[in-house]
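Presented below is the structure to which this report refers.
The values are calculated or read from the model by the stated rules, or taken from the named source; none is laboratory data. This one's a predicted model, so the numbers in the text were calculated from it and none came from an experiment. Here the Cβ positions follow ideal geometry from the backbone for every residue, glycine too, while neighbour counts run over all protein chains shown.
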């Protein structure tokens, strides 16, 4: 049995035919259009040939933003042109298949827990490190969504009690200090201060170029990353104390650094902390969305 | 059907016969002995007459400390003379009844979720404010314990990134700023600074005397409590973002202040935060332990 998984993000959309083992049989990527009608039209156009060839049984949608899983609606999404968009119904009607939806972090954790970094773990967390910090919670093998589908904001506990206001309504949130944005800001400041460093010569600075400069021996980049890892470990340790999961999976661009990130984290972690980087990377969303669809068929 | 619930704390032990509605039919309190053998002997002595009269079907034990629920053992407890103590087996053998055990915070939440402040809530948290800050997590109507029974340390996320070391292994933990200990320290400092204040005249300072001084119009006590409430709200808001529970129940001595505490918290809370104080107070442990025993019989 196969299902069609979709991963809808701010810059691109992936559609994939996925089998019961989480193998992607066919994958299509399209850009994210800037208005809702065009975006949905482009998804339908890309999905039809996949459906004609592979005959998936259902559609699973993973989307950025705030999702009402029960009603199949994208309530709102910072980087997507959706507002109270009944995406499930529209795609289901157009494609002639049942459809289910969840947020991107939940889909990624579903994939990692079935076929990835925390396969067979029952209590696990996903922490996605990007522009902000997102998350998802697996308890007793089930995604914990809460009554309003808004559980898992693991980047928004107060980490600096005297920190500055966060758009979320709190202040000093952990994501202000440990997101990819925060790492790049710290690296930019360090590069400005050391204009002759390899780090400074590695601009534009992003997760990849910062880790590359460090790997090539730049002491400035190494110090930036060591400080960043200590901060990230603070938050992961906090989540360990609260959840005591058997595994925390790191996702998002920064997690692509893999062992170069983990080896810096380890000295700062509690003995109980088991931290891994995503095994499925950029495909976790599509695979998890497809698993979500498969699960819905068996219920 | 009735069960015998026990609440074993550092200064006292309560034993109660509890019915299926959470009503306490008979309650006995004894002091906590300083060695393990005497302590267990005193529990057995107090339990026997209750059993002879009420014929409970099972024993539920709630204990401070770190508990191995599966093996029925108190691994260790700061305020109790237990070390790898097989308490379940010893009490079960001596009393001739099946026995189960859990930590005190989990028992309190079980009681509040069945017959107290968060009755019929499926996703709820207990935050107990005492010497430290403890907690318990209810997900989908079930206590979430984690593989090692150590989930729920909601007082040990890092709240002050540059804060001082905590015995838990982290630093700047939330409990350092929002425990009853922290409140009393802040009140003592304020009383020392304002020796003519009603707060200063209210020594010895504890939750009760501080709230009393504030209620009697002491501006120094009121300022201390307002600052404390803002700090406590920071942590509760953080837990709301992570769990999005339908209710957080506050327990421990500070929660006895009831509306005097809640009214100070409210201005600082997120709109999604539903915070209540314990409805069962000091009896929650006994009632929850008895419910735990009833649940074990029906499994």
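General observations
- Look at (1) at negative phi; (2) part of a strand (DSSP E or B) and you find that residue A:84 fails only one, number (1).
- Residue within region A:242-251 that is buried (at least 17 other Cβ atoms within 10 Å of the Cβ), over 23 Å from the mean Cα position of the chain (by Cα) and not assigned by TED's automatic domain parsing to the domain that holds residue A:62 present: no
- When residue B:70 is tested against (1) closer than 22 Å to residue B:134 by Cβ; (2) in a strand (DSSP E or B), only condition (2) is not met.
- Single condition residue B:117 does not satisfy, out of (1) touching a residue at least 12 places away in the same chain (Cβ under 8 Å); (2) outside any helix (DSSP H, G or I); (3) out of contact with any strand residue (DSSP E or B) (no Cβ under 8 Å at 6 or more places or on another chain): (3)
- When the test is whether a residue is part of a loop (DSSP other than H, G, I, E, B), without any contact (Cβ under 8 Å) to a residue 24 or more places away in the chain and surrounded by fewer than 16 Cβ atoms within 10 Å (Cβ to Cβ), residue A:79 does not pass it.
- Of all residues in region A:156-187 being part of a loop (DSSP other than H, G, I, E, B) and in contact (Cβ under 8 Å) with a residue 60 or more places away in the chain, the one that is nearest to the other protein chains (Cβ to nearest Cβ): A:157
- When the residues of region B:267-287 are filtered to those that are within 14 Å of chain A (Cβ to nearest Cβ) and part of a helix (DSSP H, G or I), the one that is surrounded by the fewest Cβ atoms within 10 Å (Cβ to Cβ) is B:267.
- Among the candidates A:183, A:138, residue that is closer than 29 Å to residue A:88 by Cα and surrounded by 19 or more Cβ atoms within 10 Å (Cβ to Cβ): A:138
- Residue-level analysis places residue A:195 among those that are free of Cβ contacts under 8 Å to residues at least 60 places away in the same chain and away from chain B (no Cβ under 13 Å).
- Being within 25 Å of the chain's Cα centre (by Cα) and farther than 30 Å from residue B:271 by Cβ is a property that residue A:198 lacks.
- Under the condition of being outside any loop (DSSP other than H, G, I, E, B) and either under 21 Å from residue B:106 (Cα atoms) or within 7 Å of another protein chain (Cβ to nearest Cβ) (or both), the residues counted in region B:229-252 number 16.
- Top-ranked residue of region B:124-155 - restricted to ones that are more than 8 Å from chain A (Cβ to nearest Cβ) and not in a strand (DSSP E or B), ranked as nearest to residue B:254 (Cα to Cα): B:130
- Residue check for residue A:264: surrounded by fewer than 21 Cβ atoms within 10 Å (Cβ to Cβ) and out of contact with any strand residue (DSSP E or B) (no Cβ under 9 Å at 6 or more places or on another chain): no
- Within this structure, residue A:112 passes the test of being assigned to a helix (DSSP H, G or I) and crowded, with 19+ Cβ neighbours inside 10 Å.
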